[in-house]
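Engineer: I have a structure I would like to understand better, so I am pasting it below and will then ask my questions one at a time.
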Amino acid sequence: MIEVKNLVKCYGDKRAVDNISFKANDGEILGFLGPNGAGKSTTMNILTGYLSSTSGKALINGIDILEDPIGAKKQIGYLPEFPPLYMDMTVREYLYFIYDLKGCKYPRNTHLKEICELVKITDVYDRIIKNLSKGYRQRVGLAQALVGNPNVLILDEPTVGLDPKQIIEIRTLIKKLGKNHTVILSSHILSEVQAVCDRIVVINKGKIVADDTADNLSRTLTADHKLIARIDGPREEVIKIIQTIPGVVNVLADMQREKGVWEYNIEAVEGTDIRRDLFKRLASRNWYLVGLRSSELSLEDIFLKLTIGENVSEFLNSKAEDLDESEDDE
Amino acid sequence: MKAIFSREVSSYFNSLIGYIFLTAFFAASGVLFSITSLAYGSTDMSQMYSMLFFVLLVLIPILTMRTLAEDKRQKTDQCLLTAPVSLTALVMGKFFAAFLIYALGVCMTLVYAIIISFFGVVAWLEVLGTVVGLLLVGAAFIAVGILISSLTENQVIAAVGGFACMLALYLISSIAAIIPIDWIANILTKLSFSDRYYDFTYGIFDLSNVLFFLSATVIFIFLTIRVLERRRWS
């Protein structure tokens, strides 16, 4: 279990982490979502005892990292943003070193072999780390965190630099580990934390802007009212027609994708579904709808939504009133 | 501490620095031995030992430059500082690794004494006393070098800074000689690394000198630990 209470970290005048509190329970995967420079890595560095907090507490399984650093560090496996690898060692030498450093009690060779098979680095076991690709280095970093089988795992952007297949493998691995470990992982990719985490803490400029289960959060963050449509038809007229659909706030012709086919960004009032209407109107004019998908929220949209949530809903409410009036007219 | 110690020792030999240090040390001491003893047919080795002091000034910064600076640059300090080991164990592991390499070099000088023993009488107590002195002054210098290395992440700066500090420690007694105020001059003379080391080469085994070098070593290791501790809070 990881508990963070009123954590503050100042660098001079700058508050990198500003009074954050959250809790990750046993067997839970907690996602730490935020843009670069939000304070994710700083928080993780404080949790692992690499940095000290200016004020506030960080408890690992009930042990304060400042009061009993060695006791707390024994419970943690940490993969920092840049895997801390000694480039001149082979993977084997490096893992032996980590094994000794952590003072592990498990039988060495079988324990390390298990880990290597888990993160799939057995085939580079005797190669020098300097010569490994970024993906392999990342996985050796993950292996390093798993040595000693700590029950808290703190992973700072674990899938950076991996190819799509490896990303899926690592995500599956993290999910598997999450069953009997407490895992905190950070990312700046929404879909990643959604795919892996049970709970998501969204952090921006050192402050927590949301802390909720992944399901709840994705419900509030999905964007069914924002559509991207590809339509085969004359551009100006298509825009005019779409704008007459009740609920549509904004239509933008993005760019021509095929000959005569344009891509449009359509934004409607939140909670309205305009897809059927859109299809009917296009069909009645014999224009073809060749593609339709809902646009994903970008991280900026999420922060906009979570941080200035009230203003956004006011804005949308005023649009909704316009909609009611237009329906009355009809 | 054991893990850090053995990794450091193997890294000295993986990165060539260990070989370079030992080669340079053997070469320098060999040349000095030839000039001062062999060329004159003398069994007195104190000349060689006192001149070895200058060799330390140049070589020890090379030995210690990467100890902590490299970890900081490669971010491997994140692995060491988040592992369940104390800062003291971390710094001591690094210190003893450097000291082991250094001691290997110093032991080479005993071979010269053995060579002499075939041709004449070696003053063994004097030689052993001087070797102890050389180990002690080296330990203090290594602690200084590690402290400088903890302050930067650039190996070159660590090496040059370490050299400058050791030069300053060597020059203290010369500076003291030109200071007209007696009590300042006295204090500086007492702090001189070179004067205290030369006592060993003269065959004087003074316990206060032993304690001086030991406490200097401890102080500089303590300061290094404070530097690392402070970095967490900055």
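Engineer: Magnitude of the Cβ-charge dipole of chain A, K/R +1 and D/E -1, about the Cα centre, nearest 20 debye? Don't skip to the end; give the middle numbers.
Structural biologist: On the way: 43 positive and 49 negative charges, 382 e Å.
Roughly 1840 debye for chain A.
Engineer: Pop a pseudo-label 7 angstrom from the Cα along the beta-carbon direction at both A:Asp88 and A:Val8 and give the gap in nm to one decimal.
Structural biologist: 4.4
Engineer: Putting +1 on Lys and Arg Cβ atoms and -1 on Asp and Glu Cβ atoms, find which of B:Ile225, B:Thr64, B:Ile187 reaches farthest to the positive end of the dipole of segment B:2-233.
Structural biologist: Farthest towards the positive pole: B:Ile225.
Engineer: Enter the mean number of other protein chain beta carbons within 10 Å of the beta carbon of each residue in A:46-53, as an integer.
Structural biologist: Details: counts 1, 1, 4, 5, 8, 5, 6, 2.
Mean partner shielding for this stretch: 4.
Engineer: Set Lys and Arg Cβ to +1 and Asp and Glu Cβ to -1, take the dipole of chain B about its Cα centre, and tell me which of B:Ile204, B:Phe96, B:Ala139 lies farthest positive.
Structural biologist: B:Phe96
Engineer: On to the next question. If you take every DSSP beta bridge whose two residues both sit in the protein assembly as shown, what share of them, in percent to the nearest 5, is antiparallel? If you can, show how the numbers build up before the last one.
Structural biologist: On the way: 42 of 60 bridges.
Taking every DSSP beta bridge within the protein assembly as shown, about 70 percent pair in antiparallel fashion.
Engineer: Please turn the phi angles of segment A:74-91 into ³J(HN,Hα) values with the Karplus equation 6.51 cos²θ - 1.76 cosθ + 1.60 (θ = phi - 60°), one per residue in order, whole Hz, x for glycine and proline.
Structural biologist: In residue order, the calculated couplings are 4, 8, 10, x, 10, 10, x, 4, 9, x, x, 10, 8, 5, 8, 9, 7, 4 Hz.
Engineer: While we're here: Once fully extended, how much extra length lies between B:Glu229 and B:Ile35, figured as 0.36 nm per residue of separation less the alpha-carbon to alpha-carbon distance? Kindly include the intermediate steps, with their values, before the conclusion.
Structural biologist: Values: separation 194, 0.36 × 194 = 69.84 nm, distance 4.69 nm.
That works out to 65.1 nm of additional length.
Engineer: How would you rank B:97-103, B:178-184, A:235-241, B:124-130, highest first, on the average number of other Cβ atoms within 10 Å across their residues? Mind showing how you got there, number by number?
Structural biologist: Details: B:97-103: 21.0, B:178-184: 9.0, A:235-241: 14.6, B:124-130: 18.0.
Ranking the peptides B:97-103, B:178-184, A:235-241, B:124-130 by packing returns B:97-103, B:124-130, A:235-241, B:178-184.
Engineer: Residue by residue through B:1-10, how many Cβ atoms from other chains fall within 10 Å of the Cβ on average? Don't jump to the answer; show the numbers that get you there.
Structural biologist: Details: counts 2, 3, 8, 3, 1, 3, 9, 0, 0, 5.
Mean shielding count: 3.
Engineer: Taking 0.36 nm per residue of sequence separation and subtracting the Cα-Cα distance, how much length would be gained by fully extending the chain between A:Lys105 and A:Asn286, in nm to one decimal? Intermediate values should be presented prior to the final figure.
Structural biologist: Numbers: separation 181, 0.36 × 181 = 65.16 nm, distance 7.29 nm.
Going from the current span to full extension adds 57.9 nm.
Engineer: Under unit Cβ charges (Lys, Arg +1; Asp, Glu -1), what dipole magnitude, rounded to 20 debye, does the protein assembly as shown have relative to its Cα centre?
Structural biologist: Numbers: 56 positive and 61 negative charges, 364 e Å.
In debye, rounded to 20, the protein assembly as shown gives about 1740.
Engineer: In a GNM of chain A with a 10 Å cut-off on Cα contacts, which of A:Ser294, A:Ser186, A:Ser41 has the highest mean-square fluctuation?
Structural biologist: With Cα springs under 10 Å in chain A, the top fluctuation among A:Ser294, A:Ser186, A:Ser41 is at A:Ser294.
Engineer: Hey, what do the phi angles of segment A:57-72 turn into as Karplus ³J(HN,Hα) couplings, whole Hz, using 6.51/-1.76/1.60 and θ = phi - 60°, x for Gly and Pro?
Structural biologist: Values per residue, Gly and Pro as x: 10, 10, 10, 10, 6, x, 9, 6, 5, 7, 7, 10, x, 5, x, 5 Hz.
Engineer: Also: Averaged over its residues, how many other protein chain Cβ atoms are within 10 Å of peptide A:142-148's Cβ atoms?
Structural biologist: On the way: counts 0, 0, 2, 2, 0, 1, 2.
Mean partner-chain Cβ count within 10 Å for A:142-148: 1.
Engineer: Next up: Under 17 Å from the 7 Å Cα→Cβ point of B:Phe119, by amide nitrogen: which residues of segment B:42-77?
Structural biologist: B:42-49
Engineer: Where is the GNM fluctuation largest for chain B (alpha-carbon springs, 10 angstrom cutoff): B:Ala140, B:Ala24, B:Ala216?
Structural biologist: B:Ala24
Engineer: Can you compute the helix-only [θ] at 222 nm over the protein assembly as shown? Use -39500 (n - 2.57) per DSSP H run of at least 4 residues, normalise by all residues, nearest 500 deg cm²/dmol.
Structural biologist: Rounded to the nearest 500, it is -18000 deg cm²/dmol.
Engineer: Most mobile of A:Gly291, A:Gly39, A:Gly31 per a Gaussian network model of chain A (Cα springs, under 10 Å)?
Structural biologist: A:Gly291
Engineer: Right, something else. In whole percent, what relative contact order does segment A:152-278 give with Cα contacts below 8 Å and a gap of six or more residues?
Structural biologist: Values: 160 pairs, mean separation 22.5, N = 127.
Here the relative contact order equals 18 percent.
Engineer: For an R0 of 35 angstrom, estimate the FRET efficiency from the Cβ-Cβ distance between A:Lys175 and A:Thr54 and round to the nearest 0.05.
Structural biologist: Details: r = 34 Å, r/R0 = 0.98.
The pair A:Lys175/A:Thr54 has a calculated efficiency of 0.50.
Engineer: When DSSP assigns beta bridges and you keep just the ones with both residues in chain A, what percent turn out antiparallel, to the nearest 5? Each step should come with its number before you reach the end.
Structural biologist: Numbers: 42 of 60 bridges.
Antiparallel bridges: around 70 percent, rounded to the nearest 5.
Engineer: Within a Cβ distance under 13 Å of B:Tyr12, other residues only, what is the Lys/Arg minus Asp/Glu net charge?
Structural biologist: So the surrounding residues net to 0.
Engineer: Follow-up. Between A:Leu118 and B:Val218, with labels modelled 7 Å along Cα→Cβ, what's the label distance in nm to one decimal, could you check?
Structural biologist: Calculated label separation equals 4.3 nm.
Engineer: Over chain A, what relative contact order in percent results from Cα pairs under 8 Å that are six or more residues apart? Walk me through the intermediate numbers first.
Structural biologist: Values: 599 pairs, mean separation 60.6, N = 330.
Relative CO of chain A lands at 18 percent.
Engineer: What are the ³J(HN,Hα) values, in whole Hz, obtained from phi via the Karplus relation 6.51 cos²θ - 1.76 cosθ + 1.60 with θ = phi - 60°, for each residue of segment B:35-47 in sequence order, with x given for Gly and Pro?
Structural biologist: 5, 8, 10, 4, 5, 9, x, 9, 9, 7, 9, 5, 4
Engineer: Given B:Ile178, A:Asn286, A:Thr42, which one lies farthest toward the positive end of the charge dipole of the protein assembly as shown, if we put +1 on the Cβ of every Lys and Arg and -1 on the Cβ of every Asp and Glu?
Structural biologist: The listed residue farthest towards the positive side: B:Ile178.
Engineer: In terms of Cα to Cα distance under 26 Å, which lysines are near enough to A:Lys280, apart from those fewer than 8 places away along the same chain?
Structural biologist: A:Lys226, A:Lys240, A:Lys259, A:Lys319
Engineer: Follow-up. If we sort B:142-150, B:14-22 on the protection proxy, mean other Cβ atoms within 10 Å, highest first, what's the order? Please report the intermediate quantities before stating the final value.
Structural biologist: Values: B:142-150: 27.0, B:14-22: 16.4.
Put in order of decreasing packing, that is B:142-150, B:14-22.
Engineer: Anything over 29 Å Cα to Cα? Flag those among A:Lys113/A:Lys165; A:Lys40/A:Lys175; A:Lys23/A:Lys130; A:Lys40/B:Lys72; A:Lys9/A:Lys120, in the order listed. Before the final figure, lay out each step's value.
Structural biologist: On the way: A:Lys113/A:Lys165 22 Å; A:Lys40/A:Lys175 20 Å; A:Lys23/A:Lys130 37 Å; A:Lys40/B:Lys72 20 Å; A:Lys9/A:Lys120 37 Å.
Among A:Lys113/A:Lys165; A:Lys40/A:Lys175; A:Lys23/A:Lys130; A:Lys40/B:Lys72; A:Lys9/A:Lys120, the Cα-Cα distance tops 29 Å for A:Lys23/A:Lys130; A:Lys9/A:Lys120.
Engineer: Mind giving me the nanometre distance, one decimal, between the label points for B:Leu191 and B:Ser208, set 7 Å out from Cα along Cα→Cβ?
Structural biologist: 1.7
Engineer: How do A:Trp287, B:Trp233 rank when sorted from fewest to most other Cβ atoms within 10 Å of their own Cβ? If you can, show how the numbers build up before the last one.
Structural biologist: On the way: A:Trp287 17, B:Trp233 9.
Sorted ascending by nearby Cβ count, the order is B:Trp233, A:Trp287.
Engineer: Using +1 on the beta carbon of Lys and Arg, -1 on that of Asp and Glu, and nothing else charged, what's the dipole of segment B:41-193 about the Cα centre, debye to 20? Display every interim value, and only then the final one.
Structural biologist: On the way: 6 positive and 7 negative charges, 64 e Å.
Charge dipole, segment B:41-193, about its Cα centre: 300 debye, nearest 20.
Throughout, read-outs are computed from the coordinates displayed, never taken from laboratory work. Given the structure is predicted, the values throughout are model-derived calculations rather than measurements. Ideal geometry is used to build each Cβ from the backbone, glycine not excepted, and the neighbour counts take in all protein chains shown.
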